[in-house]
Amino acid sequence: MIPHTNGTWAHVALLAVLLTPSAAEAQEESGISVVLRATVDSLVQTSHAPGVSVGVVLADGSVHVVTAGMADTTLRVPMEQGTLLLQGSVGKTYVAAVASQLVTEGLLDLDAPVARYLGDAPWFHRLPNSATVTVRQLMNHTSGIVRYEFDERFIADLLAEPDRVWRPEEQLAYLFDTEAPFPPGKGWEYSDTNYLILGMIIERLTGAPYYAELERRVLDPLNLRATVPSNRRQIPGLAQGYAGPRNPFGPSEMLDGAVFAFNPQFEWTGGGIASTGGDLARWIWALFRGRAFDPDFLPVMLDGVPARLGPNTRYGLGVIIRPSPLGESWGHSGFFPGYLAEAAYFPDYEVAVAVQVNTSDFAALAMGPWAMLLAVAEVVTFEEGGR
């Protein structure tokens with residue numbers, strides 16, 4: 001999921017500049033890891049986040065991981081490099097990569113109607129815009145098929161049955177027989193629902209569960225061993241998530257001991273991943289270096305449409321394309337109750353940065369993950385340029 005709120009661009013840019021060390025300060029440091037450590041320690045203090053996990057991959061493929069703060073503030077458990085956090089909608093990047101492989105294999109046609117793949121399902125005609133929506137429109141959120149996950153009926157059912165294992169058609173049912181806000185291709189609205197439908201298509205084409213395909217096609221080949229499905233109430237190594245007192249999805253703390261407040265399995269191909277900051281940075285670097293699918297397909301993924309996610313921002317196939325002080329960036333934002341994430345690749349520098357925090361309490365955060373990511377990216381590229 002991605003939250004409803006967006007940060008102010010000028011505020012983000014200013015914070016990134018303020019947290020960039022001066023030339024004299026950088027020369028006094030003993031290396032990029034030391035500079036990165038100082039920056040992340042500062043970010044925890046500045047943002048008021050309980051804990052932060054940051055991963056960086058440089059142009060040469062070297063990986064730097066720094067954590068700070070607490071994975072659990074009550075138990076005084078520190079955030080460590082191996083601590084897992086939920087990615088939220090950053091998980092759509094993996095779904096898009098699997099779908100991209102299917103396109104290049106000739107199994108999936110981006111401009112085919114979704115009805116070609118799912119039209120025989122008895123519920124399919126009850127979806128808004130079902131007769132004409134295409135696969136590409138699902139992937140770039142121009143389908144007109146809106147969110148289900150903030151529907152009060154769904155949230156009530158989720159909290160009433162915390163152990164429930166959801167089938168995607170049960171989630172789609174909250175939208176059955178409703179009217180779409182716009183015809184396919186005639187508007188833009190971010191929606192997890194689009195990626196649930198895409199996940200169903202992936203499973204129909206491959207004959208295998210999505211997570212099995214993800215492991216076979218992406219996680220194993222790229223050796224992403226600290227990246228796991230968030231498909232059960234107990235995820236070993238998961239940081240406590242602080243959602244705050246106004247969390248519509250339940251309690252202010254998402255873990256009771258090691259047990260999640262509800263089954264996060266429902267997110268599935270709308271996100272559905274937990275990882276370390278280091279693995280997330282490695283994934284984003286590999287994805288946009290063309291190592292997750294045929295690199296000739298990358299321009300298709302990056303052919304974005306205008307998106308209401310910030311100034312001059314576009315949305316491609318599972319990727320947010322937005323400006324930054326370091327030039328264009330490619331990546332994704334993520335929200336799940338108790339957790340926020342940002343991951344971005346900066347093609348001008350060939351650098352990937354990932355930031356994960358164990359809070360989604362926006363009222364308590366003085367600095368969001370995107371501003372943190374920009375601060376880290378500024379420091380890293382400055383340090384690399386000075387060598």
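A short reminder: the numbers here are calculations on the coordinates, not readings from a lab. Since the structure is predicted, the reported quantities are computational estimates derived from the model, not experimental observations. Neighbour counts run over all protein chains shown; Cβ positions are idealised from the backbone, glycine included.
Quick look at the numbers
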quantity	calculated
Pair list, Cβ < 8 Å and 6+ apart or interchain, from the stretch 229-256 residues that are more than 24 Å from Leu365 (Cα to Cα) to residues that are among the charged types (D, E, K, R)	Ser230/Glu267; Arg233/Asp163
Number of positions in the stretch 300-322 that are surrounded by fewer than 24 Cβ atoms within 10 Å (Cβ to Cβ) and either within 18 Å of the chain's Cα centre (by Cα) or farther than 26 Å from Leu110 by Cα (or both)	13
Of all residues making up the stretch 346-366, the number that are part of a loop (DSSP other than H, G, I, E, B) and buried (at least 23 other Cβ atoms within 10 Å of the Cβ)	2
Residue match in the stretch 301-316 (condition: out of contact with any Pro (no Cβ under 6 Å at 6 or more places or on another chain), more than 23 Å from Gln137 (Cα to Cα) and part of a loop (DSSP other than H, G, I, E, B))	no
Number of the condition not met by Asn231 [criteria: (1) surrounded by fewer than 21 Cβ atoms within 10 Å (Cβ to Cβ); (2) more than 16 Å from the chain's Cα centre (by Cα)]	(2)
1 or more residues touching a residue at least 24 places away in the same chain (Cβ under 8 Å), surrounded by 15 or more Cβ atoms within 10 Å (Cβ to Cβ) and more than 21 Å from the chain's Cα centre (by Cα): qualifying helices (runs of 4 or more DSSP H) within the stretch 54-145	92-104, 115-118
Condition met for Arg233 (of a type in the set (Lys, Arg) and within 15 Å of Ala352 (Cβ to Cβ))	no
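Residues are listed down the side, and each one gets a yes or a no for (1) polar (S, T, N, Q); (2) crowded, with 19+ Cβ neighbours inside 10 Å; (3) touching a Lys or Arg at 6+ places or on another chain (Cβ under 9 Å):
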{"residue": "Gly244", "(1), (2), (3)": "no, no, no"}
{"residue": "Glu267", "(1), (2), (3)": "no, yes, no"}
{"residue": "Leu280", "(1), (2), (3)": "no, yes, no"}
{"residue": "Trp285", "(1), (2), (3)": "no, yes, yes"}
